[in-house]
Amino acid sequence: MARSTVLLGMSGGVDSSVAAALLARQGYDVYGVTLQVWEHEDETVAVSKRWEERGCCKVGIARYVAQTLKIPHEVVDTRETFRAGVIDDFVAGYLEGTTPNPCVRCNERVKLRGLIELADARGITFVATGHYVRIGETNGLSTLQRATDLKKDQSYFLYRLRQSWLNRLLFPVGDLQKAAVWKEAEALGLPVDELKESQEICFVSHGDYRTFIEKEAPAAKRPGAFVDDAGRYLGDHEGIAFYTPGQRRGLGIATGRRLYVQEVSPATNTVVLGPEESLRRSQCDVADLNLFDSSLLTGSTEVMVKVRYATPVTPATVQSLPGNILRIVFHEPQRALSPGQSAVFYRDDHVLGGGIIQSF
């Protein structure tokens, strides 16, 4: 019986490298692909620097792992798609006063979509990545589920996958604890003491997204007024693109009390400031939905919801509104909700879907 072939996205990170080893061990014919989304690997860098993190696509490591496992590997240039689907969306979102999540859009529009399309073109059924998430089955239908290691679970970034893709996707590290993944990486010969996990947006250096936006869109520097919730003038801001709800640092306002960004208003080019206790919101509306469970659109449903990757799930009631909109009523008010961010719905470990926060 012929072995199944799987197209594996190899970012050069620890997780996709270990995924390659696990798939090969399980008997798959693995074909490694690195999607070049941003920067090229610098071949002139000294050997001692080869293992260091430089952006999201560490081609040298992916190539090393492929050679070690004796599997084919190639680099596919997807920078044009990445710019149109992720970077332009990121910049436009901030210019409009929202806080987009580029990792959500990248998985939806570039990484998983790109791998599926490449697999289709080559007649390959299965596609795999090193994401911490699992595929299950309910009533004969494939389901997206949280990873075994909930601290590393990445389902928040993958809720926009198409239902039709799920039965073709393999996530080999989704059942593992991160500690076990590090051991596998060490067995591969990767220098785990030097490799670190990326905490930054791959195209933004040192977390300074404001500098990136100003470079990409100089018009973002459009001064306006800081106001309080009654509309009283408090000072001047540099441009709404440089402020997000919950922000305290970098405001340049001295009022004798701590002020936080409450809301960004593109219509009036103002940024509303207020005390921390005013950051909590009891509800928000979500649109641009991608749902695995369409029953969310039929009335009122109790769910768990995550409104940003780094926060735990929280109980809420989801109410269906006209126009394919869901209203989330939180059982406990949530801090600093941001239009443009994703809200993802869960029942136990099952991902029910999600959407983009529009207003609160």
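Brief remarks on what is shown
- Residues of segment 72-90 with an amide N closer than 15 Å to a point placed 7 Å from the Cα of GLU117 along the Cα-to-Cβ direction: 76-87.
- Gain in span if fully extended, ALA267 to ARG162, counting 0.36 nm per residue against the direct Cα distance: 34.4 nm
- Pairwise label distance in nanometres, ALA84 with THR255, each label 7 Å out on the Cα-Cβ vector: 4.4
- Relative to the longest principal axis of the Cα atoms of the chain, the long axis of helix 112-122 makes an angle of roughly 30 degrees.
- With Cα atoms as the point set, the chain shows a radius of gyration and Dmax of 21.8, 74 Å.
- Calculated FRET value between SER320 and GLN67, using beta carbons and R₀ = 51 Å, to 0.05: 0.45
- Against the chain, whose longest principal axis is taken from its Cα atoms, helix 59-69 shows a tilt of about 30°.
- Accessible surface, per residue, of the chain when the full set of protein chains is kept, probe 1.4 Å, Å²: 47
- Set of lysines near LYS306 by C-alpha distance (under 27 Å), chain-local residues within fewer than 8 positions excluded: LYS111, LYS151, LYS152, LYS178, LYS196
- Two-site FRET efficiency, VAL329 against TYR233, from Cβ-Cβ distance with R₀ of 35 Å, rounded to 0.05: 0.55
- Measuring nothing but protein heavy atoms, the accessible surface of the chain at 1.4 Å probe radius is 49 percent carbon and sulfur.
- Shown here for segment 214-283: trypsin sites (Lys or Arg not before Pro) in loop regions (DSSP other than H, G, I, E, B) with at most 16 other Cβ atoms within 10 Å, namely LYS221, ARG232, ARG248, ARG249, ARG257, ARG258.
- Projecting the Cα atoms of GLY246, GLY174, TYR209 onto the dipole axis of the chain, where Lys and Arg carry +1 and Asp and Glu carry -1 at the beta carbon, places GLY174 farthest toward the positive end.
- Mean separation of Cα pairs under 8 Å and 6 or more residues apart, divided by the residue count, gives segment 232-360 a relative contact order of 24 percent.
The values are calculated or read from the model by the stated rules, or taken from the named source; none is laboratory data. The model shown is predicted, which means the values in this text are computed figures rather than measured ones. Cβ coordinates were reconstructed from backbone atoms using ideal geometry, including for glycine residues, and neighbour counts include every protein chain displayed. Heavy atoms of the whole protein, side chains included, go into the accessibility calculation; ligands, DNA and RNA do not. Shrake-Rupley method; radii C 1.70, N 1.55, O 1.52, S 1.80 Å.
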